[in-house]
Amino acid sequence: MTHYDFIVAGSGATGAMAAQTLAQRGATVLILDGGRHDDRYASLIPQKTFVDIRREEEEQHRYFLGDAFESAAYRKIAPGVQLTPPRRFIVDAVDELLKVRSNSFAPVESLARGGLASGWGLHCGVYSDAELELASLPPGDMRAAYQTVADRIGISGAAGDDAQPYTYGDLQRIAPPLPLDPTAALLESAYQRKREHINLRDFHLGRPALALLSQPKDGRGASTLRDMDFYDDAERAAWRPAITLDAIAGLPNVAYESNVLVTRFEERDGGVDAVVLDIDGRDERRFTGKRLVLACGALGTARVVLRSLPSENVRLPLLCNTYTYMPCIVPARIGRAMPERGNSLVQLALFHDPDTAQRDIAVGTIFSYRSLMLFRLLRETPLNVRDARIFMQYLLSGLLIAGIDHPQARSEGKSLWLEPDPTSPTGDALAIAFDLTAGELLQYDERERAFAQTLRSLGAWPVKRVRPPLGSSIHYAGTLPFATGQRPFTLDRSGRLGGTQNVFVADGSGFTFLPAKGLTLSLMANAHRVAAGLPL
Amino acid sequence: MNEARAFGRYILERDVDAVTCERYDRAVRELGYGDDATTRFAAGNPWSIAALDGALALAEPDALLRKKLLLMAAILETRPAYCDAFLPRHRLPLDALSIGYALLRAAVQTALGLLLRPFVR
């Protein structure tokens with residue numbers, strides 16, 4: 001049996017980044033993942049703008065609605081339902097293989113090649129030193145790691161505006177920003193006029209940092225602003241883990257085994273076995289390496305660890321940002337034409353920093369509603385479909401969606417554990433209890449009101465506030481918190497799992513605080529930090 | 001096919017083509033949408049669709065008739081021939097009058113639908 005220096009479990013943002021760092025250090029690396037991918041829709045989508053596709057392509061229903069019309073089916077608001085058909089592979093086979101039991105929490109997980117980051121929103125944020133300390137991440141190492149990751153993936157943005165202290169830290173080499181949507185541009189100009197007043201209310205607005213190229217880089221093209229970001233990655237302008245996986249796949253010291261689910265590990269003298277379930281054949285297989293790096297996401301890694309260590313009556317903590325969104329109308333833009341080129345990603349970021357110490361920041365992300373289908377809006381409108389269509393068509397160019405992420409510290413009522421489940425191929429289900437305390441609910445409500453007030457003062461009128469099921473932020477962390485000593489179910493700062501010699505964790509399981517900023521860049525920086533420090 | 005034709009005509013206020021109707025019928029089968037009294041009544045009495053749709057939008061948003069109408073909207077929206085009815089476009093200030101008319105019409109139809117609904121269930 002082949003011995004690898006490192007087995008990396010998971011190929012998402014953290015797995016890909018850790019594998020790249022280890023491979024660059026000269027180690028032999030085996031990446032294990034579920035390997036789900038899209039082989040139906042991606043090749044159907046022509047290289048045209050969203051509007052041109054809509055006006056010209058007869059087969060568009062296949063990738064906008066799905067071959068089984070699955071995207072047109074009526075569904076209640078829930079995590080994952082917003083995935084477009086070309087992105088549905090991200091959650092393929094998850095219901096069957098990653099069973100969850102919870103009355104209060106609805107997570108999204110992935111067995112895809114590239115994991116959840118195959119569909120991430122590309123919004124990047126650097127944690128402040130205060131946030132890093134709260135998360136038990138070493139600021140000096142993380143600052144260097146942020147720059148390494150930013151150089152690898154490519155980030156565009158408008159460094160220097162009021163988002164600078166909240167977004168970029170001291171990142172260098174930021175590419176110029178992509179053009180701003182005209183509806184969002186109105187808000188930005190209103191902010192400039194009222195900046196002093198809004199800052200006094202502890203809010204700061206600026207352009208977001210996006211992992212979307214505005215200039216070519218490393219063989220990838222700049223975004224051509226086709227506005228198809230929710231459907232394809234044609235120019236490879238958006239960084240997805242597949243870009244890194246493709247780049248390292250050709251290296252002689254990297255191997256990749258897909259279609260497997262890492263279920264547990266067994267340490268042995270001088271090494272560790274990763275025990276996997278073959279997803280198709282359902283038989284158990286083993287891969288042996290000197291060290292195992294778990295990068296299965298906070299929930300997936302928790303499953304593996306709970307199965308591998310004595311865990312009777314063990315409950316692990318859980319962090320997740322609570323997410324709320326508010327559809328907003330900008331009256332000044334109603335009925336106006338929209339440019340055919342643009343993107344539907346985050347246009348502006350609004351930071352609420354009440355103690356001005358960057359310890360307790362809530363983040364609003366403002367999207368325009370450009371490339372999602374109108375019928376999705378009609379569902380939410382309490383009018384008949386015919387007249388709602390006429391009304392919403394008129395409103396569409398003045399519609400923005402403001403999402404609000406709240407930071408999450410460890411608190412009571414949030415834990416997970418494994419329960420037997422004979423219907424599951426792994427024999428278990430992940431039970432999750434996640435209840436907000438009265439204090440948290442009150443704090444979130446107050447903050448959301450403050451966000452709504454600020455949006456109104458910028459000219460965007462929230463029409464309602466929607467709090468989707470807990471788990472909708474898809475930001476999970478904190479299940480194996482960083483701690484001193486070698487206690488089981490904790491990590492030391494190097495990422496080593498307590499009670500083991502050769503098992504390390506490179507995802508967000510160790511974070512002891514979850515800031516509200518876009519999580520993925522920080523996850524990748526931590527994965528690089530852990531991988532860079534592992535003994536070869 | 002009759003249901004598809006009626007629903008398509010209701011949403012766009014003009015006839016829709018056979019491709020759209022066939023695609024709608026296939027989508028209904030794929031999604032396993034069945035039939036109920038309200039949907040049958042609406043398809044057989046197109047004058048009632050707006051009223052029942054408006055009433056259900058308020059009282060029972062996940063009713064089968066609403067699901068089927070939204071499915072037809074999705075199918076129309078992804079046909080090049082009809083997509084302009086769903087894309088944002090520049091409007092003259094006078095168009096606000098037609099929006100106002102549509103909203104007024106929707107309110108009246110909803111009130112009518114709330115009265116009608118108990119008789120067609």
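Computed from the coordinates by the stated procedures, all read-outs in this text should not be read as laboratory data. It should be emphasised that the depicted structure is a prediction, and the values quoted were computed from it without experimental measurement. Here the Cβ positions follow ideal geometry from the backbone for every residue, glycine too, while neighbour counts run over all protein chains shown.
Rounded if a/c is under 1.5, else prolate if a/b beats b/c, else oblate: with a ≥ b ≥ c from the C-alpha gyration tensor eigenvalues square-rooted, which is region A:264-391? Spell out each step's value before the answer.
Values: a/c = 3.00, a/b = 2.08, b/c = 1.44.
It comes out prolate by the Cα gyration axes.
Helical content of the protein assembly as shown, expressed as a calculated mean residue ellipticity at 222 nm, amounts to -10500 deg cm²/dmol (DSSP H runs of 4 or more residues, -39,500 (n - 2.57) each, divided by residue number, nearest 500). In region A:395-500, with Lys and Arg counted as +1 and Asp and Glu as -1 at Cβ, which of these residues, A:442, A:478, A:413, has the Cα nearest the positive end of the dipole, that is, farthest along it? Comparing the listed Cα positions along the dipole, A:442 ranks first.
Please report, in debye to the nearest 20, how large the charge dipole of the protein assembly as shown is about its Cα centre when each Lys and Arg carries +1 at its beta carbon and each Asp and Glu carries -1 there. Display every interim value, and only then the final one.
On the way: 75 positive and 77 negative charges, 242 e Å.
The dipole magnitude comes to about 1160 debye.
Close amide-amide hydrogen proximity is noted between residue A:254 and A:29, each under 5 Å apart and 5 or more residues distant or on a separate chain (H modeled in the peptide plane; Pro and chain starts excluded).
Spatially, region A:1-62 and region A:271-348 are offset by 15 Å when compared through their Cα centroids. For region A:211-216, putting each phi into the Karplus relation 6.51 cos²θ - 1.76 cosθ + 1.60 with θ = phi - 60° gives couplings of 7, 9, 6, 9, 9, x Hz, in residue order, rounded to whole numbers and with x for Gly and Pro.
Beta bridges from DSSP with both residues in the protein assembly as shown: antiparallel share about 70 percent, rounded to the nearest 5. If you take the Cα centroid of region A:391-431 and the Cα centroid of region A:202-232, the two points sit 25 Å apart.
Couplings for region A:178-190, taken from phi via the Karplus curve 6.51 cos²θ - 1.76 cosθ + 1.60 with θ = phi - 60°, read 7, x, 8, 4, x, 5, 5, 4, 4, 5, 5, 6, 5 Hz in order; Gly and Pro are left as x. Per-peptide packing, taken as the mean over residues of other Cβ atoms within 10 Å, places A:509-519, B:55-65, B:34-44 in the sequence A:509-519, B:55-65, B:34-44 from highest down. Using alpha carbons only, the radius of gyration of region A:24-98 set against its Kirkwood radius gives Rg/Rh = 1.11.
Report relative contact order for chain A in percent, whole number only (criteria: Cα-Cα under 8 Å, sequence separation at least 6).
About 24 percent, as a whole number.
At a Förster radius of 35 Å, what calculated FRET efficiency corresponds to the Cβ-Cβ distance of residue B:40 and residue A:48, to the nearest 0.05?
Numbers: r = 41 Å, r/R0 = 1.16.
After rounding, the FRET efficiency stands at 0.30.
Taking amide H atoms as placed 1.01 Å from N in the peptide plane, the amide H of residue A:330 lies under 5 Å from those of A:399, A:400, A:461, each 5 or more residues away in sequence or on another chain. For region B:2-120, just say rounded, prolate or oblate: build the C-alpha gyration tensor, square-root its eigenvalues into a ≥ b ≥ c, call rounded for a/c under 1.5, and beyond that prolate if a/b exceeds b/c, oblate if not. Here region B:2-120 falls in the oblate category. Would you work out which of A:30, A:63, A:311 lies farthest towards the positive end of the dipole of the protein assembly as shown? Charges go on Cβ: Lys and Arg +1, Asp and Glu -1. Among A:30, A:63, A:311, the one farthest towards the positive end of the dipole of the protein assembly as shown is A:63.
Computed from backbone phi with θ = phi - 60° and the Karplus coefficients 6.51, -1.76 and 1.60, the 3J(HN,Hα) list for region A:220-235 is 9, x, 6, 4, 9, 6, 6, 6, 10, 4, 8, 10, 9, 10, 4, 7 Hz; x is used for glycine and proline. Along its principal axes, chain A has C-alpha extents of 69, 53, 45 angstrom, given from the largest down.
Scaling against 2.2 N^0.38 Å puts the C-alpha radius of gyration of region A:90-233 at 1.25.
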